[in-house]
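Colleague: I am attaching a structure below and will ask some questions about it afterwards.
The values are calculated or read from the model by the stated rules, or taken from the named source; none is laboratory data. As the structure is a prediction and not an experimental result, all values here were calculated from the model. Positions of Cβ are generated from backbone atoms using ideal geometry, with glycine treated the same way; all protein chains shown enter the neighbour counts. Note: areas computed on protein heavy atoms with side chains; ligands, DNA, RNA excluded. Shrake-Rupley method; radii C 1.70, N 1.55, O 1.52, S 1.80 Å.
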Amino acid sequence: MKTMAPVRASGSRWVLVFLTTVAVALVGVLAAQLPASAHDHRVPKTVLMKGKKELQSGRKVNEYSWTYPAGDGTCATEQAVLTFGFPKEVPSVAADSKLKVRIQKSHKPRPFYLAEVDRNGEPRGEVNVRLKPVVRDERTVAWDAVFRVKRPNSDYYLEAEGHWKDRQGCNEADQYAIWTFHVKTRSAP
């Protein structure tokens, strides 16, 4: 009967395995902390904000269409038809507050619309917005659509729509998404 001793890595091999493991873990941690790439082929997230405070995440509604390279020079398009509605949590701000919809994408939407709608999504009028880049470390990382909610004691039902051209090999396909927000105003301070 033969007995076999467990095989152990030599000291230098163990150090190499350990250092490789640490390097892989470090790359994973650093990659998780980097901002989203300039074109990550996903529908961007949106957030309603007042100053630096996040009030509400945008709710994707109606539809979206997003194109991305699928390999071997081909492109794929992800499309969805979604139910209409508004976020459940409704923040409250003073009348005449300056708000912004932050669009988590480094490329500027062309075009971008913000409209006031009724509870069913029927248009009531376009909201005047100014698009401003959000810059960190000399790089644009997002865009803010800045606007005011002027009427006191009112519900603002808002619908935002952004369009982008694919920039990475999909014949500049039109990509778009629609989001909703709901905010209440109080009397002016």
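Colleague: Which one of these is touching a residue at least 12 places away in the same chain (Cβ under 8 Å), within 30 Å of Pro152 (Cβ to Cβ) and not aromatic (Phe, Trp, Tyr): Val43, Val93, Val81?
Modeller: Going through Val43, Val93, Val81 in turn, the sole match is Val93.
Colleague: Another one. Please verify whether Lys132 is farther than 22 Å from Val43 by Cα and open to solvent by 70 Å² or more (accessible area, probe 1.4 Å), treating the condition exactly as stated.
Modeller: Spelling it out, it is not the case that Lys132 is farther than 22 Å from Val43 by Cα and open to solvent by 70 Å² or more (accessible area, probe 1.4 Å).
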